[in-house]
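In what follows, a single structure is set out as structure tokens and then discussed.
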């Protein structure tokens, strides 16, 4: 919620005149927008908060209590400063109006303060906080009796500490008004409430304060609401807290059986053991939730916790413990509460505890407990427990941790998505929300570092999957096969410390990868299990084993860089090239062909060993779509951590070997900054040749004004002249581009990747015709209009039973008015399966456009033969009468659609021929080779023998 600042406006209801009585003290500091602030006190009873009402003339604006703390009032107005007010105004108020404000006491009508045309404003300047946005905090400075010069400094404080400052600038045509916008440090975008204050530096001013919660993802909720079912997004809604509380109460109520439940549970009425199953499970979850909310400190009561039970668990979670039962109890409660799809068993290894751990079997239900007769230490406990584990994966989990929803599934997903993975580790976060560890790095000296220590866990630098030097054993998944291959934790590091770092290096030596998994979050109360002093206890082995590690693995970490230097480069040392990719927005798979293409291009570059950093020009995090890229290993830059491409290039430009830019309108804005701040090669993907599309549209409409395509041509050509390589999907466009540049050596075919999705659904199980396209793209709308106006009437006469299904986003309202028995407007397809697995014929009657048509390629992947216009078939590799049918006139369209819909032999022949293109022209390995040629052309990636890696 925001209790923000500002100024004034509209009239409320009429009321009586204000009595002219003034025995109180106060001030109307600010009244603008939907907020009014100031202070009020009755010196005869300063301990009481005044109930105040704000009037404009005879109209009431707002009322409330003057009971808020203001640091500028302490010692000047009262001893404690708790006499401020910040009133919400239902109607917007503007200070430019002729206002007559009166602050009065409710009940008595006594006047406290006035501000208006006949009243001198406060002599000090007023600083306002008006808006929180991805760009930062914005507001105004209103000049008092002392003049303010341009560039005068505004200071921002958060929770009493200085965080930022910026110069203010005069507002045009408003004398005495200045504006400012100051970036908020990213660490404050942590999802927690903060109190912000704004004041002038070196000049007395009335400070403005506001309370707000700044999320790590500031994208408007309406934009990313489709990610609400993904872990980490439901809480971004402003109503999340109320829903969370409702869930808690509902779980608590459901866990208490009603009187009627008790009466009905007579013998024989319900099957044994099933009558109260749902209620019991909800009760266990509700208890686990309450345990986590209450915390472990000071806990003396330990009601039984019930872990789930599976016959064949996929994962074995091993938790070594020695005393500190309250921590263990909280850790188990988190395992009960946090939902995962994976089945698991929990193995608790008790290393001769003497506290409540001795009763653990009576408190933790369904856990396997191994109790030692003598103290063995962490390493031996883990190795021994692993021998009895049945899961395909082992997870080593500290007892001083709290897991979160989806943590286990995310770890296992690493093994499924990437090849040759030996271990995966969670993001470890401190209880205060700051990052403890985002994967480990070992320097040339042998010193290990926790990457991201103390930073914001939502920072893009720590939010993507990547290979790491080692993983912390506090939350570590290892496949059983890899564990056995390297022999588990090495005995020489007993009893503890460096065993996890050594394990990682053993896995690397065996050709296996260790990968950091940022979307698996585990809260770690570090130091609670073993303390923090390295002078005594088990912690002393931290220094002893450091020397052992250096001696054993010096040959492996030599050349890993000087400790602390160029961390951002060394944390991704396993890549061969660093590529900055820039487009107008993050790609959203399933929403448009361009998004699909962008993702495939990233996959191909990753296969070549590139580390991708993606920057969207709008800087909006797109929820699950952005996370999809992060799970591929793409660093995704977004607000509030960066707010301009120039900022990224200024701070990190020298990190990149190449900049891959899509769309000319994006490229023309950033090419000067690329050349200024980097020495990177510029690879330009034109997506499609925009001026060619516009030119075709003019011709298709029979118009003669070519001024717009001419202007676009000049802009596109100017961009292409500046870059080092041009990628285009369409060979026809290559000729057009070459004719304007008078060169061909830097023009390349951009590869497109298809993976066969043909499930063998036969001719007889399909029916109807389908069109797919985003209707925000004019050529798609024009294509459907052409088909409905010119072709459908011909088909209706001959075959009124052949239905047309129109799929896509942003379908115009007028299309829905055309719906009948033969035209069905389906709308947006959640999955392409809906479009292609039921239709018999796919059509693309495009009359204009450029580039390659993703929807046509989708039909190839699904094994659905098509009827296309010449423009739609362009650059696809489809051949008329061999792998598709190409129609030029309405009569041909009607004839070909009916023929392909009814002729099974023709249908199967075209489907078989087009399907061959999936492998011969659009295979992944083929695409990687084509992408390699582009990089080689600009002097990068000269080694052609490196292995193709899939992502």
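Which residues, taken from the range 762-787, are on the phi < 0 side of the Ramachandran plot, assigned to a loop (DSSP other than H, G, I, E, B) and either at pLDDT 95 or above or surrounded by fewer than 15 Cβ atoms within 10 Å (Cβ to Cβ) (or both)?
If the condition is that a residue be on the phi < 0 side of the Ramachandran plot, assigned to a loop (DSSP other than H, G, I, E, B) and either at pLDDT 95 or above or surrounded by fewer than 15 Cβ atoms within 10 Å (Cβ to Cβ) (or both), then 762, 766, 767, 776 are the ones that fit.
Is one or more of the residues making up the range 728-743 touching a residue at least 40 places away in the same chain (Cβ under 8 Å), in the same structural domain as residue 689 (by TED's automatic domain parsing) and under 32 Å from the mean Cα position of the chain (by Cα)?
Within the range 728-743, the subset touching a residue at least 40 places away in the same chain (Cβ under 8 Å) is 728-733, 736-737.
Checking which are in the same structural domain as residue 689 (by TED's automatic domain parsing) leaves us with 728-733, 736-737.
Subset that is under 32 Å from the mean Cα position of the chain (by Cα): 728-729.
So far as the range 728-743 goes, yes, one or more of its residues are touching a residue at least 40 places away in the same chain (Cβ under 8 Å), in the same structural domain as residue 689 (by TED's automatic domain parsing) and under 32 Å from the mean Cα position of the chain (by Cα).
Being at pLDDT below 95, in contact with a strand residue (DSSP E or B) (Cβ under 7 Å, 6 or more places away or on another chain) and more than 25 Å from residue 411 (Cα to Cα), is that true of even one residue in the range 372-383?
So far as the range 372-383 goes, yes, one or more of its residues are at pLDDT below 95, in contact with a strand residue (DSSP E or B) (Cβ under 7 Å, 6 or more places away or on another chain) and more than 25 Å from residue 411 (Cα to Cα).
Just to be sure I understand, how many residues within the range 594-618 are assigned to a strand (DSSP E or B) and under 18 Å from the mean Cα position of the chain (by Cα)?
5
Looking at 645, 615, 599, which one is at pLDDT 95 or above, in the same structural domain as residue 669 (by TED's automatic domain parsing) and in contact with a helix residue (DSSP H, G or I) (Cβ under 6 Å, 6 or more places away or on another chain)? Before you say what the answer is, go through the steps one by one.
On the way: 645 fails: at pLDDT 95 or above; 599 fails: in contact with a helix residue (DSSP H, G or I) (Cβ under 6 Å, 6 or more places away or on another chain).
Result of the check over 645, 615, 599: 615.
Quick one: is residue 379 outside any strand (DSSP E or B), farther than 24 Å from residue 338 by Cα and touching a residue at least 60 places away in the same chain (Cβ under 8 Å)?
Working: outside any strand (DSSP E or B): yes; farther than 24 Å from residue 338 by Cα: yes; touching a residue at least 60 places away in the same chain (Cβ under 8 Å): yes.
When the stated conditions are applied, residue 379 passes them.
What's the number of the only condition in (1) part of a strand (DSSP E or B); (2) more than 28 Å from the chain's Cα centre (by Cα) that residue 705 fails to meet?
Against the list (1) part of a strand (DSSP E or B); (2) more than 28 Å from the chain's Cα centre (by Cα), residue 705 comes up short only on (1).
Do the conditions hold for residue 708, that is, is it surrounded by 15 or more Cβ atoms within 10 Å (Cβ to Cβ) and either more than 30 Å from residue 785 (Cβ to Cβ) or in contact with a helix residue (DSSP H, G or I) (Cβ under 7 Å, 6 or more places away or on another chain) (or both)? I'd like the intermediate steps shown before the answer.
On the way: surrounded by 15 or more Cβ atoms within 10 Å (Cβ to Cβ): no; either more than 30 Å from residue 785 (Cβ to Cβ) or in contact with a helix residue (DSSP H, G or I) (Cβ under 7 Å, 6 or more places away or on another chain) (or both): yes.
Judged against the criteria, residue 708 is not a match.
Return yes when residue 568 is closer than 25 Å to residue 457 by Cα, touching a residue at least 24 places away in the same chain (Cβ under 8 Å) and not assigned by TED's automatic domain parsing to the domain that holds residue 722 and no when it is not. Break it down into steps so the answer makes sense when it comes.
Working: closer than 25 Å to residue 457 by Cα: yes; touching a residue at least 24 places away in the same chain (Cβ under 8 Å): yes; not assigned by TED's automatic domain parsing to the domain that holds residue 722: yes.
It is true that residue 568 is closer than 25 Å to residue 457 by Cα, touching a residue at least 24 places away in the same chain (Cβ under 8 Å) and not assigned by TED's automatic domain parsing to the domain that holds residue 722.
Considering each of 721, 790 in turn, give the residue that is surrounded by fewer than 19 Cβ atoms within 10 Å (Cβ to Cβ), in the same structural domain as residue 869 (by TED's automatic domain parsing), at pLDDT 95 or above and not in a loop (DSSP other than H, G, I, E, B).
Working: 721 fails: in the same structural domain as residue 869 (by TED's automatic domain parsing).
Among 721, 790, only 790 is surrounded by fewer than 19 Cβ atoms within 10 Å (Cβ to Cβ), in the same structural domain as residue 869 (by TED's automatic domain parsing), at pLDDT 95 or above and not in a loop (DSSP other than H, G, I, E, B).
Filtering the range 330-344 down to residues that are surrounded by 22 or more Cβ atoms within 10 Å (Cβ to Cβ) and modelled with pLDDT of 95 or more, which residue is farthest from residue 494 (Cα to Cα)?
Per the stated criteria, the residue is 332.
Quick check on the range 910-951: of everything there that is buried (at least 20 other Cβ atoms within 10 Å of the Cβ) and outside any helix (DSSP H, G or I), which residue is modelled with the highest pLDDT?
940
Name the one entry in 304, 220, 257 that is surrounded by fewer than 17 Cβ atoms within 10 Å (Cβ to Cβ) and modelled with pLDDT under 70.
On inspection, the qualifying residue turns out to be 257.
Among (1) exposed (fewer than 15 other Cβ atoms within 10 Å of the Cβ); (2) within 35 Å of the chain's Cα centre (by Cα), there is one condition residue 851 misses while meeting the rest; what is its number?
All conditions pass for residue 851, except number (1).
Any residue at all in the range 879-887 that's touching a residue at least 12 places away in the same chain (Cβ under 8 Å) and assigned to a helix (DSSP H, G or I)?
No - not one qualifying residue is present in the range 879-887.
Just checking, does the range 584-593 include any residue being within 25 Å of residue 440 (Cα to Cα) and not in a strand (DSSP E or B)?
Within the range 584-593 (the criterion being within 25 Å of residue 440 (Cα to Cα) and not in a strand (DSSP E or B)), the answer is no, since none of the residues qualifies.
Tell me yes or no: at least one residue of the range 509-516 is out of contact with any strand residue (DSSP E or B) (no Cβ under 6 Å at 6 or more places or on another chain), surrounded by fewer than 18 Cβ atoms within 10 Å (Cβ to Cβ) and either at pLDDT below 95 or outside any loop (DSSP other than H, G, I, E, B) (or both).
Filtering the range 509-516 for residues out of contact with any strand residue (DSSP E or B) (no Cβ under 6 Å at 6 or more places or on another chain) gives 509-511.
Add one more test, that the residue is surrounded by fewer than 18 Cβ atoms within 10 Å (Cβ to Cβ), and what stays is 509-511.
Narrowing the set further to residues that are either at pLDDT below 95 or outside any loop (DSSP other than H, G, I, E, B) (or both) leaves 509.
Yes, some residue in the range 509-516 is out of contact with any strand residue (DSSP E or B) (no Cβ under 6 Å at 6 or more places or on another chain), surrounded by fewer than 18 Cβ atoms within 10 Å (Cβ to Cβ) and either at pLDDT below 95 or outside any loop (DSSP other than H, G, I, E, B) (or both).
Which is at pLDDT 75 or above, assigned to a loop (DSSP other than H, G, I, E, B) and more than 30 Å from residue 215 (Cα to Cα), of 102, 108, 95, 119?
On the way: 102 fails: assigned to a loop (DSSP other than H, G, I, E, B); 95 fails: at pLDDT 75 or above; 119 fails: at pLDDT 75 or above.
Result of the check over 102, 108, 95, 119: 108.
If a residue has to be touching a strand residue (DSSP E or B) at 6+ places or on another chain (Cβ under 6 Å) and either modelled with pLDDT under 95 or under 24 Å from residue 525 (Cβ atoms) (or both) to count, how many in the range 385-400 make the cut?
Qualifying residue count, the range 385-400: 6.
Could you run through the range 187-214 and say how many residues are closer than 19 Å to residue 623 by Cα and either buried (at least 19 other Cβ atoms within 10 Å of the Cβ) or without any contact (Cβ under 8 Å) to a residue 24 or more places away in the chain (or both)? Steps first, please.
Step one: of the range 187-214, the residues closer than 19 Å to residue 623 by Cα are 189-191, 213-214.
Now drop any that are not either buried (at least 19 other Cβ atoms within 10 Å of the Cβ) or without any contact (Cβ under 8 Å) to a residue 24 or more places away in the chain (or both), which leaves 189, 214.
The total comes to 2.
Check the range 888-903 and report whether any residue there is surrounded by 13 or more Cβ atoms within 10 Å (Cβ to Cβ), farther than 21 Å from residue 793 by Cβ, out of contact with any strand residue (DSSP E or B) (no Cβ under 7 Å at 6 or more places or on another chain) and free of Cβ contacts under 8 Å to residues at least 12 places away in the same chain.
yes
The values are calculated or read from the model by the stated rules, or taken from the named source; none is laboratory data. All values reported here derive from a predicted model rather than from experimental measurement. Cβ atoms come from the backbone with ideal geometry, glycine included; neighbour counts cover every protein chain shown.
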